[in-house]
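Report on one structure; see the data block that follows.
The values are calculated or read from the model by the stated rules, or taken from the named source; none is laboratory data. What you are looking at is a predicted structure, and each value in this text was computed from that prediction instead of being measured. Note that each Cβ is placed from the backbone with ideal geometry, even for glycine, and that neighbours are counted across all protein chains shown. Please note that ligands, DNA and RNA were not included when accessible areas were found on the heavy atoms of the full protein model with its side chains. Shrake-Rupley method; radii C 1.70, N 1.55, O 1.52, S 1.80 Å.
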Amino acid sequence: MEATATAKFMRVSPRKARLVVDLIRGKKISEARTILALANKASAATVKKVLDSAIANAGQTGVIDVGTLYVKSACVNQGASQKRFRPAPMGRAHKYKRRTSHITIVVDEA
């Protein structure tokens with residue numbers, strides 16, 4: 001039996017969040033929490049919140065033993081991009097995108 005948690009429209013670039021998610025895929029929960037606590041990336045805190053939510057969702061069912069959980073799958077998809085303008089010299093403006101991401105983590109019993 002598996003449990004899922006999703007965080008949508010998180011204000012972190014999907015490319016940068018995938019670097020962190022790739023570190024925990026397939027690991028035990030205790031090991032994944034340690035990796036996220038020691039990761040030197042800004043998106044690690046966001047991914048840790050989603051992981052904790054997935055663990056809490058697994059505990060709510062009452063069927064799953066929380067001590068035997070592992071990260072079955074973890075993925076980061078691209079969300080909507082906010083289009084913004086930055087001032088440039090000589091009265092011009094440059095476009096840029098503030099990217100968002102959807103983070104999904106699935107935990108399962110070993």
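Relative to the longest principal axis of the Cα atoms of the chain, the long axis of helix 14-24 makes an angle of roughly 20 degrees. Using Cβ point charges alone (K and R +1, D and E -1), the dipole size of the chain about the Cα centre works out to roughly 1240 debye. For the cross-link pairs Lys8/Lys48; Lys16/Lys97; Lys48/Lys83; Lys49/Lys97; Lys27/Lys72; Lys16/Lys48, the ones whose C-alpha atoms lie over 19 Å apart are Lys48/Lys83; Lys49/Lys97. In terms of overall dimensions, region 2-110 has a Cα radius of gyration and Dmax of 16.9, 64 angstrom. Computed over protein heavy atoms with a 1.4 Å probe, the carbon and sulfur contribution to the accessible area of the chain reaches 52%. Based on protein heavy atoms only, region 19-90 ends up with 62 Å² per residue of surface accessible to a 1.4 Å probe.
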